[in-house]
Amino acid sequence: MFKRHKPATPERRRDPAIHGAALPVPHNEMRTFFSLSQLVLSASHLKPPPVQRHSKIAYFEVEILDAQSKKHICVVDKIPPSSTLLDIKHKFHKVCPQWYPSRIGLRLERNGPYLKDSMNIKNLAASSIITLYFTDLGQQVSWTIVFLTEYMGPLLIYLLFYLRISSIYDVKESARSLRHPVVHLACACHCLHYIRHLLETFFVHKVSEGHTPLKNMIKGCIFYWGFTSWIAYYINHPQYTPPSFGNKQVTFAAIAFLICEAGSHFIQVALVHQNQSGNKASFPSPSINPFTWLFALVSCPNYTYEIGSWISFTVMTQTLPVGVFALLMAIQMAQWAQKKHQLYLKKCTTYRWRKAAVIPLIL
């Protein structure tokens, strides 16, 4: 018997699209698609712009307490880190208008040193809350007024005695007596001394914008004005007697006075240039100017020359008031020089060999 054969069924080709597979793409089409994509991306910004994150600024809060009673006075808040202590004082003044910024003294500790106005607040912060102690510094005056008052007063007072006005000396006695040349020379030297100080205040020194208590200026004026009156009264008196050794003593003392005045001026100029250079760790060195050679021996040659001026003026006039004034000025300037000398020793490592503060090999 013959078997019946079934007709052969042709194999079905699998359609990749039916089973979810990707259709094969010709190489040329893929390359065209890639080029088109690159063109679109370069022509337009398809990426979203980056999100800008705003940095959070940490504000400080300053609590101000009374330095004596520890009582709470006020709180100054929302202080940015870039603020200085002067900004704190201005905000404190807005809260308490009776205290001006110049008379506000702030300290980290009750008995600690006063903080400088230029100090940045973030350098004081151990946390977001800062505690400062307030002290009323009293009535304040600027340093410019202090210098002008202390220097202008002796200049005018001496000239009043030099003119021998009738309210000070007897008119008949003044008319009979002839003035010794040293009287005129002493007036010229005294005026030169204070005129130099005034000119240096205006043109040499960069006067600080800070302030000082009014009582300190009053003490300085009493000292300078009082001694000037005493000195001028004796030198310009009709019965004044000239120095014992005559013109030789006067000439020698006048030359020494002029040398000391010139040296003091050039030292002041050198110190100002040193401060303007910004290198506070170094010390001024002697230059080609011979008046600055004293820097090689002492720390404060400006005080050395100042003391020398008044000693020379004492020898030139030979009067007790000038000698007492020169002695007190020497004591005060020696104390200032010792403080500066110790400060230089701490700051400058190459400064050890300078042993004297104001008088070579002695003090």
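The values are calculated or read from the model by the stated rules, or taken from the named source; none is laboratory data. Just so it is clear, the model here is predicted, and its values are computed rather than measured. Positions of Cβ are backbone-derived with ideal geometry, glycine not excepted, and every protein chain shown enters the neighbour counts. Accessible surface is based on the protein model in full, side chains and every heavy atom, while ligands, DNA and RNA are left aside. Shrake-Rupley method; radii C 1.70, N 1.55, O 1.52, S 1.80 Å.
Are any residues in segment 103-124 acidic (Asp, Glu) and over 18 Å from ILE73 (Cβ atoms), and if so, which ones? The answer is ASP117, and nothing else. When residues in segment 132-176 are screened for being exposed (fewer than 15 other Cβ atoms within 10 Å of the Cβ) and out of contact with any helix residue (DSSP H, G or I) (no Cβ under 8 Å at 6 or more places or on another chain), 11 of them pass.
Pull up segment 213-258, narrow it to residues that are open to solvent by 30 Å² or more (accessible area, probe 1.4 Å) and among the hydroxyl-bearing types (Ser, Thr, Tyr), then point me to the one that is nearest to MET152 (Cα to Cα). Looking at residues that are open to solvent by 30 Å² or more (accessible area, probe 1.4 Å) and among the hydroxyl-bearing types (Ser, Thr, Tyr), I get TYR224.
Would you pick out the residues in segment 164-180 that are in a loop (DSSP other than H, G, I, E, B) and of a type in the set (Ser, Thr, Tyr)? Those that are in a loop (DSSP other than H, G, I, E, B) and of a type in the set (Ser, Thr, Tyr): SER166, SER167, TYR169, SER177.
Across segment 123-153, the qualifying residues are those that are small (Gly, Ala, Ser) and outside any loop (DSSP other than H, G, I, E, B), and the one among them that is farthest from ARG196 (Cα to Cα) is SER142. The set of residues from segment 291-339 being β-branched (Val, Ile, Thr) and not in a helix (DSSP H, G or I) comprises VAL298, THR319.
Taking the numbered list (1) surrounded by 15 or more Cβ atoms within 10 Å (Cβ to Cβ); (2) within 25 Å of the chain's Cα centre (by Cα); (3) under 21 Å from HIS197 (Cβ atoms) in turn, ALA357 passes all entries but (3). Residues being open to solvent by less than 60 Å² (accessible area, probe 1.4 Å) and either in contact with a strand residue (DSSP E or B) (Cβ under 7 Å, 6 or more places away or on another chain) or under 22 Å from PRO243 (Cβ atoms) (or both) are represented in segment 195-212 by at least one member.
Criterion applied to ILE129, ILE195 was being closer than 30 Å to SER82 by Cβ and of a type outside the set (Lys, Arg), and the one residue passing it is ILE129.
If I filter segment 117-126 down to residues being in contact with a strand residue (DSSP E or B) (Cβ under 9 Å, 6 or more places away or on another chain) and not acidic (Asp, Glu), which single residue comes out as surrounded by the most Cβ atoms within 10 Å (Cβ to Cβ)? The extreme case among them is ILE121.
Mind listing whichever residues of segment 180-194 are open to solvent by 70 Å² or more (accessible area, probe 1.4 Å) and in contact (Cβ under 8 Å) with a residue 12 or more places away in the chain? The answer is PRO181, LEU192.
Scanning segment 80-109 for residues that are modelled with pLDDT of 85 or more and over 21 Å from HIS211 (Cα atoms) yields a count of 3. With a requirement of 3 or more residues that are in contact with a helix residue (DSSP H, G or I) (Cβ under 8 Å, 6 or more places away or on another chain) and in contact (Cβ under 8 Å) with a residue 60 or more places away in the chain, the strands (runs of 3 or more DSSP E) lying completely within segment 52-122 that satisfy it span 60-66.
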